[in-house]
Amino acid sequence: MTFLRSLALFVTIIALGTGMAHAGEGQGFTLYPHLGLTVFDDELEDDSLTGIGVGYRFDSPWAIELTYQQTDADFESPLSGDSEIDLWHLGALYNLDKQDNLQPFLSFGLGNADYDNALEKNQDDTQFNAGFGVKWSFSEQAAVRGDLKVFSGGSGNQVDTAVSLGLHYAFGKARQAPLEVATEDGDADNDGVLDNADQCPGTPAGVSVNNRGCPKDDDGDGVYNYADDCPDTTDRRARIDAQGCYV
């Protein structure tokens, strides 16, 4: 597993030395060189893999990718020798909503595995695969990418698993997140208080208001100053008419 630790250290150093990016991956070609581990569900021992993916990201959540992976696994005891395996598969990626600089995705595809060993020379096996992964962007076009995929042969009796880690590079122009433009509510009555905070809409022009947009009522009789003909009606026991005067 030394190769995985070295790759992880390498991409960590790059990420720490690079500003974080929140731009989305834009439309265009992608490249994904990677290393990983294949876990076999038969007489082969688990072994490392090397691979590269060449893809195209559409102007949508979808992308396609052609991937080549190679591994050279030993047979488990009592068998001896090893088997060289070349895997080609064409797959589709569906990118989920991006959170900050983390981009999760789902993947599935179809491919062919070629086994070359002392027991079976150039035996081909059609394989289906499905999985998921995540891309961690550390620049507008580059990301650390991890994948987990499950492979099933045409017979369906054997299920292998592959885990990979590498650098995902997008050649397309990064898709910038839409800028949030601050919008300001209107002030229909022009009293200096925005409509969303105005508790007294429709105040006549030129009337002095408080911070809630309501005209002042200095004597507290319920009639605003601008309509109060009797501004000193402070007797709360008395009846007050619409002009603010005692009845």
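The values are calculated or read from the model by the stated rules, or taken from the named source; none is laboratory data. Here the structure is a predicted model, which means the values were calculated and not measured. So basically every Cβ, Gly included, is an ideal-geometry build from the backbone, and we count neighbours across all protein chains shown. Surface areas here come from the heavy atoms of the whole protein model, side chains and all, with no ligands, DNA or RNA. Shrake-Rupley method; radii C 1.70, N 1.55, O 1.52, S 1.80 Å.
Structural remarks
- Residues of segment 79-102 that are in contact (Cβ under 8 Å) with a residue 12 or more places away in the chain, under 27 Å from Tyr115 (Cβ atoms) and either aliphatic (A, V, I, L, M) or not in a strand (DSSP E or B) (or both): Leu79, Gly81, Ile85, Leu87, Leu90, Ala92, Leu93.
- When each of Phe151, Phe138, Phe128 is tested for being of a type in the set (A, V, I, L, M, F, W, C), open to solvent by 90 Å² or more (accessible area, probe 1.4 Å), modelled with pLDDT under 95 and on the phi < 0 side of the Ramachandran plot, the lone residue that passes is Phe128.
- Within segment 222-244, residues that are at positive phi have Cβ atoms under 8 Å from residues that are outside any loop (DSSP other than H, G, I, E, B) in these pairs: Gly222/Ile240; Gly244/Ala227, counting only partners at least 6 apart in sequence or on another chain.
- Residue check, Ala113 at pLDDT 75 or above, open to solvent by 50 Å² or more (accessible area, probe 1.4 Å), hydrophobic (A, V, I, L, M, F, W, C) and more than 31 Å from the chain's Cα centre (by Cα): no
- Cross-chain or 6+ apart pairs with Cβ under 8 Å, segment 50-63 first and touching a residue at least 12 places away in the same chain (Cβ under 8 Å), then open to solvent by less than 80 Å² (accessible area, probe 1.4 Å) and among the charged types (D, E, K, R): Gly53/Glu65; Val54/Glu65; Gly55/Glu65; Tyr56/Glu65; Arg57/Glu25; Ala63/Arg57
- Any hit, segment 54-72, residues being over 24 Å from the mean Cα position of the chain (by Cα), outside any loop (DSSP other than H, G, I, E, B), more than 22 Å from Gly131 (Cα to Cα) and modelled with pLDDT under 90: yes
- Checking each residue in segment 214-230 for being open to solvent by 80 Å² or more (accessible area, probe 1.4 Å) and over 22 Å from Gly192 (Cα atoms) picks out only Asp229.
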